[in-house]
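Working notes, structure below.
The values are calculated or read from the model by the stated rules, or taken from the named source; none is laboratory data. The structure displayed is predicted, hence computed values, not measured ones. Here the Cβ positions follow ideal geometry from the backbone for every residue, glycine too, while neighbour counts run over all protein chains shown. Note: accessible area is taken over every heavy atom of the protein model, side chains too, but ligands, DNA and RNA are not part of it. Shrake-Rupley method; radii C 1.70, N 1.55, O 1.52, S 1.80 Å.
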Amino acid sequence: MKGIKAIHVVHAAWCPHCHPTTVEPMKAKATELGVGFYDYDIDNPEQVEKADELVRGYGDWAEDYLIPQVFLEMEDGTLRHVLSGYSEGVELTKRGVENLLKSPYFDGDAPAR
Amino acid sequence: MTVMRLQDNVTEIARSLLATTAKCQHCGGQAAIEYAEGGSVGLHVCPGRYVSRIIMYGNELDTDRFLGYVRGAARGTQGVEAGDVRVASRYAWDLGLARKSNDIVLKEMYWTQNYRRTKSEDPDRMALFFCANGDSFFVQPLKNGERLCDKCRTS
């Protein structure tokens, strides 16, 4: 796999946009590619600080921000926000995850920044 | 001119890729998407005309404009605060568009009625509805069944 070093996902256990829609497929992809996988539960006091840091620094920040949010840590050390859940409905989030997993990011041809 | 074309593109993408029904928190039925402001605003509205969600689509985040719009619509309800707004970036790869750039295709700003801070099941709470004639918001107690705004009811 060229480009991606790890996948990071901000989520909550109760959120249907997160489970099983986003976290599980992203984790499976990380396993398939042999790259790191890190998930941050916003209801876990030990993980929420990192979740907030990722979203505030690189994602779609708001006081009550959307979950899930997916970030790719690239081999050059950069972090890229690549997906936020679709408040419109779980079906759109599911489609977004499926599209992301079929995107150039995961065929070794990450889009230029 | 270029800006206009970009905005047109945003509204076209919103209509083609972001239009979906949602479960209404008011009646449990299906809230369909309707549009206002030339398509730059999407509303999830149930057959009873309750507004579950307001979404603004744009090339950039303009939360002041969005807040102004929602506050104007929801005047007389529990109020709208900046912290009630959530935002999202949509990219070519998650929308499934065949573009190879890393550019953000559009931004969405969301306001959801009866969510977190304003969550209330009180049937007397003042709630936001969208007139069945499709051109104006109105506020009435949640338990009321009017589907038309005052102006349309009296005309």
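Which far-off residues, 5 or more places away or on another chain, put their amide H under 5 Å from the one on B:S136, with H placed in the peptide plane?
Distant-sequence amide H within range of B:S136: B:C131.
How would you classify the stretch B:27-80 from its alpha-carbon gyration tensor, with a ≥ b ≥ c the square roots of the eigenvalues: rounded for a/c under 1.5, else prolate if a/b is greater than b/c, otherwise oblate?
Oblate, since a/c reaches 1.5 and b/c is not below a/b.
Roughly how many Å² is the accessible area per residue of chain B, as a whole number, for a 1.4 Å probe?
Solvent-accessible surface per residue comes out at 48 Å².
How large is the translational diffusion coefficient of chain A in µm² per second when you combine the Kirkwood radius over alpha carbon pairs with Stokes-Einstein at 20 °C and 1.002 mPa s?
Answer, rounded: 153 µm²/s.
Quick one: Karplus J couplings for the stretch B:124-132, per residue in order, coefficients 6.51, -1.76, 1.60, θ = phi - 60°, nearest Hz, x for Gly and Pro?
8, 5, 6, 10, 8, 10, 10, 3, 4
Taking 50 Å² as the minimum loss, tell me which residues in the stretch A:50-72 lose that much accessible area going from the chain by itself to the full protein complex (1.4 Å probe).
Those are A:D60, A:D64, A:L66, which lose 50 Å² or more relative to the chain on its own.
Work out, in µm²/s and without decimals, the Stokes-Einstein translational diffusion coefficient of the stretch B:1-131 at 4 °C, 1.567 mPa s, Rh from Kirkwood over C-alpha pairs.
83
What would the Debye equation give as log₁₀ I(q)/I(0) for the protein assembly as shown at q = 0.16 Å⁻¹, counting only Cα atoms as equal point scatterers?
-1.23
Just to be sure I understand: if you take the accessible area of chain A alone plus chain B alone and subtract the pair, with a 1.4 Å probe, what total do you get in Å², rounded to 100?
Roughly 2300 Å² of accessible surface disappears when A and B pair.
Excluding the sites themselves, what is the longest stretch of chain A that contains no GluC sites (Glu not before Pro) in a DSSP loop with at most 15 other C-beta atoms within 10 Å?
In chain A, the maximal stretch lacking such sites is A:1-45.
What's the longest uninterrupted piece of chain B once you rule out the trypsin sites (Lys or Arg not before Pro) that are loop residues per DSSP with at most 13 other Cβ within 10 Å?
B:1-74
At 1.4 Å probe size, put B:W111, A:W61, A:W14 in order of accessible surface, largest to smallest.
A:W14, A:W61, B:W111
Just grab the label-to-label distance for A:W14 and A:D76, each label 7 Å out from Cα along the Cβ direction, in nm (one decimal).
In this crude label model, A:W14 to A:D76 measures out at 4.1 nm.
If I model a spin label as a point 7 Å beyond the Cα along the Cα-Cβ vector, how far apart are those points for A:L33 and B:E146 in nm?
5.4
Can you give the helix-only mean residue ellipticity at 222 nm for the protein assembly as shown, where every DSSP H stretch with n ≥ 4 adds -39500 (n - 2.57) and the sum goes over all residues, rounded to the nearest 500 deg cm²/dmol?
Estimated from H runs of four or more residues: -7500 deg cm²/dmol.
How do B:L61, A:L83, A:L101 stack up against each other in accessible area, from largest to smallest, with a 1.4 angstrom probe?
Sorted descending by solvent-accessible area, the residues read B:L61, A:L101, A:L83.
For the stretch B:87-155, just list the percent of Cα-Cα distances falling in each 5 Å bin from zero outward, please.
3, 14, 16, 13, 11, 10, 11, 10, 7, 4, 1
Would you please give the residues with an amide H less than 5 Å from that of A:Y40, counting only those at least 5 places away or on a separate chain, with H modeled from the backbone geometry?
For A:Y40, the qualifying residues are A:V9, A:V10, A:H11.
Can you list the aspartates and glutamates whose alpha carbon sits under 19 Å from that of A:K102, skipping same-chain ones fewer than 8 residues off?
A:E24, A:E32, A:E73, A:E91, B:D94, B:D103
How large is ³J(HN,Hα) for each residue in the stretch A:39-55, as worked out from phi by the Karplus curve 6.51 cos²θ - 1.76 cosθ + 1.60 (θ = phi - 60°), to whole Hz, x for Gly and Pro?
10, 10, 8, 5, 9, 9, x, 7, 10, 5, 5, 5, 4, 4, 4, 5, 5
Simple spin-label model, 7 Å along Cα-to-Cβ: A:K5 to B:R99 in nm?
Each label point lies 7 Å from its Cα, and together they span 2.8 nm.
Order the following by accessible area, largest value first: B:E37, B:E146. Probe radius 1.4 Å; ligands, DNA and RNA are ignored.
Descending accessible area places them as B:E37, B:E146.
Can you give the % of DSSP beta bridges in the protein assembly as shown that are antiparallel, to the nearest 5?
The antiparallel proportion sits near 85 percent.
Among DSSP beta bridges whose residues both lie in chain A, state the antiparallel percentage, nearest 5.
Of all bridge pairs located within chain A, approximately 65 percent are antiparallel.
For the protein assembly as shown, which whole-number percentage of the solvent-accessible area (1.4 Å probe, protein heavy atoms only) is attributable to carbon and sulfur atoms?
49
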